[in-house]
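The values are calculated or read from the model by the stated rules, or taken from the named source; none is laboratory data. Given the structure is predicted, the values throughout are model-derived calculations rather than measurements. Don't worry about glycine lacking a Cβ; one is built from the backbone with ideal geometry, like all the others, and counts go over all protein chains shown. Only protein heavy atoms, including side chains, enter the accessible area calculation; ligands, DNA and RNA are left aside. Shrake-Rupley method; radii C 1.70, N 1.55, O 1.52, S 1.80 Å.
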Protein chains: 2
Amino acid sequence: MNTGSRPGGLAQVLARTLPCLQWSRQYDREALGADLLAAGIVTLMLIPQSLAYALLAGLPAEVGLYASVAPLLLYAVFGSSSALAVGPVAVVSLMTAAAIGGVAAAGTPAHVAAALTLAFLSGAMLLAMALLRLGFLASFLSHPVISGFVSASGLLIAATQLKTLLGVQASGHDLLTLLPALARQLGNVHGLTLAVGVCATAFLLWVRRGLKPLLQRASLSPRAADMATKAAPVAAIAVSTALSWALDWQGQGVQVVGHIPQGLPPLTWPSFDPALWQALALPALLISVVGFVESVSVGQTLAARRRERIEPNQELLALGASNLGAACTGGLPVSGGFSRSAVNFDAGARTPAAGAYTALGILAASLLLTPALHHLPQATLAATIVVAVLSLVDFSVLRRTWVYARADFAAVAATLVGTLALGVETGLLAGVLLSLALYLLRTSRPHIASVGLVPGTEHFRNVLRHAVRTSPALLSLRVDESLYFANARSLEDRINDAVAAQPALRHVVLQCSAINDIDASALESLEAIDLRLRAAGIALHLSEVKGPVMDRLQRSDFLQGLSGRVFLSHYQAVAALTPEVVAAPPATG
Amino acid sequence: MNTGSRPGGLAQVLARTLPCLQWSRQYDREALGADLLAAGIVTLMLIPQSLAYALLAGLPAEVGLYASVAPLLLYAVFGSSSALAVGPVAVVSLMTAAAIGGVAAAGTPAHVAAALTLAFLSGAMLLAMALLRLGFLASFLSHPVISGFVSASGLLIAATQLKTLLGVQASGHDLLTLLPALARQLGNVHGLTLAVGVCATAFLLWVRRGLKPLLQRASLSPRAADMATKAAPVAAIAVSTALSWALDWQGQGVQVVGHIPQGLPPLTWPSFDPALWQALALPALLISVVGFVESVSVGQTLAARRRERIEPNQELLALGASNLGAACTGGLPVSGGFSRSAVNFDAGARTPAAGAYTALGILAASLLLTPALHHLPQATLAATIVVAVLSLVDFSVLRRTWVYARADFAAVAATLVGTLALGVETGLLAGVLLSLALYLLRTSRPHIASVGLVPGTEHFRNVLRHAVRTSPALLSLRVDESLYFANARSLEDRINDAVAAQPALRHVVLQCSAINDIDASALESLEAIDLRLRAAGIALHLSEVKGPVMDRLQRSDFLQGLSGRVFLSHYQAVAALTPEVVAAPPATG
């Protein structure tokens, strides 16, 4: 026997924890070529994005480059997706800005230290979730809440970039503070900055809408056209940097990126100040969950295209390691980004090694290229952010949920409005809590149908929807929900009302086909119902009780005390208790 | 037509809001006699209880008397239960002690003002809940959480009375602070106080266990024996007060009730300090919900014995009015008490007027009797509290829930331990949040059974539990839970795994008989599942979709895009898709 393949054997544990041990065995020259090509393209795309998202988080531009080295290397070791590219991403950087803006002033060493600490806490939480297998917690973030949150974040990010595009100062992490601050600054707009920003934005929008068809008409393959389109921001940056240097825009008051220290990412260490940890704990948790959900959904989407699967728990581990890596190398919280991962995938990345090569590319850039970025206008970076995040904004979910389910609509709307008006943390929490509360509210008011026999069949249907046969001596109730503490009283009330309204009643039969669980509170309610009915000379019966529910009821003494019987099918119950309903000819009308 | 009975007519609204308008019309001499008798007995019982529960709350003894006048009168006007007696009760007084102990020192005017404010906030919240018809919120307090909370409160109250029984000083609202404080005082125990307390406790316990059988043997009717037993604390108080006065126990260091001002309850007004409101808001909410749940369960239990019903929303209104009344007449938060209501019922109270007569009795006592209570030893009152609350302590719920459902056990245990160790508010909140979290967790991991045809029938059962017929080309899954955001991914994972394990698969049929709702997240998951299955050459079908779920699905474009069909019954689906399963002779084994 091969002990190495024994489940739980060391080799097995290592292979599970380090997916790189698997793919590296079959790594060949062909894969190397594909990965290197993809890495080259992603590097070109990541340099401006890294700088821009660091500025979005309120941090020095080089922090973005640092956060695109160690995290990418660590993801290559631990990650299970062959295409996912991690690094600073728009939504997480916005959440980082809000979190660290609350504990330190931008531009101070404490601000940078807070970002490291946030990345460290987020990484530690993700690792803890991986070890405790708590990845399922992410499913409590409903799709409508995520949609609302991502759309609102996109708008909020675009709004934060307005000040850079206008060349003014304004701060705020929600529209209610940001927009008035911008309005007060409208008199101070810097013309040249605005011109640069507008030109860059227009160019990038044209690239998205107009360049790809043009290139395709020029007989480039659709894939090559797509790649060229994705690399266009680099052209915008090169041109505007060159113009800025040649025409001395900095001297005319245009904000440029300025001095970026040349060198390897520094070795850093998060703060261990308990007060800072307390202040950052909730934001770190939200960033962990949002980053994880974003990464997994990107990873799954891309994996499905190649009929592969990614392992959510492994992703928790890999993201946790990436964030710890960011915390130790001068970075900020990172996550898997959609557009860069899609570019990586489309460019043909075959293994996570592509991520490692990208990391080396960014490293080379931070060693060699940074002096060239000195004159890069910040307005150009703001333009790349605005154009990138506008694709996040999608209000169609409002219309769809309005038509489909008002509870989902309420969750989207609360998340959207909450995030825009009160900031990312409040908005996200409001959405999550509201969606949970609405679910609990819905289950606390179960649909309870009074059912009757469909003539000529053994089927029972709602008396309000169908022409069915019933008896004044028998009440058939189908409860369309598991019985638990929050809805136990509803059933009591419904039966009390029915008993009062139906004086000839002798039997109540609960059709339990949709009851998946009966908790201790509901069991007490059933006992109370049975006692009350018995006192009124009415018997309580059950039908179609599921296996697991029956197992549980048999562990209590409810069934021994029950005034009525338990029937396998509802038809058997009605046939035994009121044979006239089953035997009689179909009722007229 | 009688416009007065038109729904919504003024008379109708008044009759609904003021149940007293109904019962007062048929009030006759017989009802008056019955109510007066019951009121006399309850008054005797309430005097010591009122004093004792005020002391338990850390307030002057007379506050308890004041809280037993206006609230009883207001309940008589607004209440729907003919037997419920409101006033200071053990658990709510303990919660009051914890709440006001946190904002002011005992014995200060601020402490008394905090109690008034707490009663005011609680009354206002109850009224708001009545107006917004939010009484259903109380059902989120599960039976196990209530049981655990009441038992823990009983123990905690008994522990707080130990200091009075030992004649020492010790403070704390949870066992972790209270027990060490008591232990440090063991050297200072006051012998005479301890002797009085032990004698009173022993007498009261004997009354409960031994007196009733003795009286019955002395040929008293069981009801009369029961009444005499319930009035015994009055005897204990009379005797110990007389001894205390005669032997000058106060001079020997025994703590007595002391001076109680003689007179009508004062007109008071709560504080409107926003900081105080903020500090008391959560305790007031918890007190409102606990008091409401306690009142309604007492009221319903007694109403059921007479085949009457009480209206929970009306009870909210009546309790709210009672608490506002307490706030304006020098009282503390009140609720319906179990033992006094049961005594009222057993003594034959016919209408809420009995409560009004009790109020007059207490008023007379506070005008005339208070000087006589000067020498009443506090240890005697502590003994009455200890004996009364020990009946609240019932640990059998731990064993029952352990056997029946571990989630319920966890909720009881958390509430019990949390309340004892961390205090009433933390314990109650922990229990409520844990029971909600466990419910959400349970529904997020639904039972999904792979089902097969029971040979010779049209029924389908779990393949793991029954010998059933299946086909390698068809997977029948029955999801035993409504599909919503928290469990949508579970279904995706389950189907992904099944598809990977069953290479011959061509059809997946979801039997939806237990699916009571599909929210927007779950709809997206179903669409994703359908897309993925379709790409693998597999069709997704649904069967036995309920009416309301079908209505909703038809508002989306899911059914148009679905790769498979929707079948009315699961048997029809299997017969249409894999006729060989239905047609073939029963499989051997």
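Which value, in square angstrom to the nearest 100, describes the accessible area buried between chains B and A on both sides, using a 1.4 angstrom probe? If you can, show how the numbers build up before the last one.
Values: alone 26680 and 26670 Å², together 48160 Å².
Summing both sides, the interface buries roughly 5200 Å².
With labels modelled as points extended 7 Å from the Cα through the Cβ direction, what inter-label distance (nm, one decimal) is found for A:LEU429 paired with B:ALA242?
For A:LEU429 paired with B:ALA242, the spin-label model returns 6.2 nm.
Along Cα-to-Cβ, 7 Å out, sits the label point; list in nm, shortest first, how far the one on B:VAL234 is from those in the other copies.
Going from nearest to farthest copy, the values are 9.6 nm.
Would you check the accessible area of B:ARG555, probe 1.4 Å, heavy atoms only, in square angstrom rounded to 10?
120 Å²
May I ask you to derive the FRET efficiency for A:SER569 and A:ARG208 from their Cβ-Cβ distance with R0 = 56 Å, giving the value to the nearest 0.05? Can you show the working numbers first?
Working: r = 61 Å, r/R0 = 1.08.
So the FRET efficiency works out to roughly 0.40.
Classify region A:105-181 as rounded, prolate or oblate from the Cα gyration tensor: take a ≥ b ≥ c as the square roots of its eigenvalues, call it rounded if a/c is under 1.5, otherwise prolate when a/b beats b/c and oblate if not. Can you show the working numbers first?
Numbers: a/c = 3.89, a/b = 1.47, b/c = 2.65.
Cα axes put region A:105-181 in the oblate bin.
Please give every one of the aspartates and glutamates within straight-line cross-link reach of B:LYS546, meaning a C-alpha to C-alpha distance under 18 Å, and leave out same-chain neighbours fewer than 8 residues apart.
Filter leaves A:GLU458, A:ASP480, A:GLU481, A:GLU544, B:ASP480, B:GLU481, B:ASP517, B:ASP519, B:ASP557.
Provide the per residue accessible area, probe 1.4 Å, for chain B, rounded to a whole number of square angstrom.
Numbers: 24090 Å² over 589 residues.
That works out to 41 Å² per residue.
When only C-alpha pairs under 8 Å and at least 6 residues apart count, what is the relative contact order of region B:1-154, in percent? Please list the in-between numbers first.
Working: 102 pairs, mean separation 27.3, N = 154.
The normalised contact order for region B:1-154 reaches 18 percent.
For region A:370-375, just list the computed ³J(HN,Hα) in residue order, Karplus coefficients 6.51, -1.76 and 1.60, θ = phi - 60°, integers in Hz, with x standing in for Gly and Pro.
Values per residue, Gly and Pro as x: 4, x, 5, 8, 3, 8 Hz.
Please list, in order along region B:396-401, the HN-Hα scalar couplings obtained from phi with the Karplus expression 6.51 cos²θ - 1.76 cosθ + 1.60 (θ = phi - 60°), rounded to whole Hz, x for Gly and Pro.
So the J values, rounded to whole Hz, are 4, 4, 4, 5, 4, 6.
Can you give me the long-range amide H partners of B:HIS459? Hydrogens built in the peptide plane at 1.01 Å from N, cutoff under 5 Å, separation of 5 or more residues or another chain.
Amide H neighbours of B:HIS459: B:VAL454.
With contacts defined as alpha carbon pairs under 8 Å and 6 or more residues apart, what's the relative contact order of region A:167-223 in percent?
On the way: 23 pairs, mean separation 14.9, N = 57.
Taking the mean separation of contacting Cα pairs over the length of region A:167-223, I get 26 percent.
Read phi for every residue in region A:95-106 and hand back ³J(HN,Hα) as whole Hz from Karplus 6.51 cos²θ - 1.76 cosθ + 1.60, θ = phi - 60°, with x for Gly and Pro.
5, 5, 4, 5, 5, 7, x, x, 10, 7, 7, 4
Based on the Cβ-Cβ distance from A:LEU14 to B:ALA473, what FRET efficiency comes out when R0 is 45 Å, to the nearest 0.05? Don't skip to the answer; put the middle values down first.
Working: r = 39 Å, r/R0 = 0.86.
It comes to 0.70.
Evaluate the relative contact order of region B:470-510 (contact order divided by residue number), counting alpha-carbon pairs under 8 angstrom at least 6 apart; express in whole percent.
Working: 25 pairs, mean separation 31.3, N = 41.
Once normalised by length, the contact order is 76 percent.
So for the pair A:SER391, A:ARG406, with labels modelled 7 Å out along Cα→Cβ, what separation do we get in nm?
Result for the modelled spin labels: 3.7 nm.
Keeping all protein chains in the complex and leaving out DNA, RNA and ligands, what accessible area do you get for A:LEU436 with a 1.4 Å probe, in Å² to the nearest 10?
30 Å²
Based solely on its DSSP helices, what 222 nm [θ] is calculated for chain B when runs of n ≥ 4 H residues each add -39,500 (n - 2.57) and the sum is averaged over all residues, nearest 500 deg cm²/dmol?
About -20000 deg cm²/dmol.
B:VAL417 accessible area, nearest 10 Å², 1.4 Å probe?
90 Å²
5 Å is the cut-off here: which amide hydrogens, built 1.01 Å from N in the peptide plane, fall below it relative to B:SER335, excluding neighbours closer than 5 in sequence?
B:GLY87, B:VAL89
To test your reading of the geometry: what angle, between 0 and 90 degrees and rounded to tens, separates the Cα axis of helix B:378-390 from the longest principal axis of chain B?
Roughly 20 degrees between the two axes.
Between copies, how close do the A:LEU360 label points come, placed 7 Å along Cα→Cβ, listed in nm from shortest?
Listed shortest first, these distances are 9.9 nm.
Counting only residues 5 or more places away or on other chains, whose amide H sits under 5 Å from the amide H of B:PHE567 once H atoms are built in the peptide plane?
Long-range HN contacts for B:PHE567: B:LEU542, B:SER543, B:GLU544.
How much of the accessible area of region B:132-209, probe 1.4 Å, is carbon plus sulfur, in whole percent?
Numbers: 2450 of 3590 Å².
The C+S portion of the solvent-accessible surface of region B:132-209 is 68 percent.
What is the distance, in nm, between label points placed 7 Å from the Cα along the Cα-to-Cβ direction at B:ASP551 and at A:ARG399?
2.5 nm
Select from A:GLN378, B:CYS20, A:THR426 the residue farthest towards the positive end of the dipole of the protein assembly as shown; place +1 on Cβ of Lys and Arg, -1 on Cβ of Asp and Glu, and compute about the Cα centre.
B:CYS20
Find every distance from the label point of A:LEU390 to the corresponding label point in the other copies (7 Å from Cα along Cα→Cβ) and write them in nm, one decimal, shortest first.
Taking the point 7 Å beyond Cα along Cα→Cβ, the inter-copy spacings are 7.8 nm.
Assuming a viscosity of 1.002 mPa s and a temperature of 20 °C, what translational diffusion coefficient in µm² per second does Stokes-Einstein assign to chain B, Rh being the Kirkwood radius over Cα pairs? Don't jump to the answer; show the numbers that get you there.
Details: Rh = 27.5 Å.
After rounding, the answer is 78 µm²/s.
Under a Cβ-only charge scheme (Lys and Arg +1, Asp and Glu -1), can you give me the dipole magnitude of the protein assembly as shown about the Cα centre, in debye to the nearest 20?
Values: 74 positive and 62 negative charges, 330 e Å.
It works out to roughly 1580 debye.
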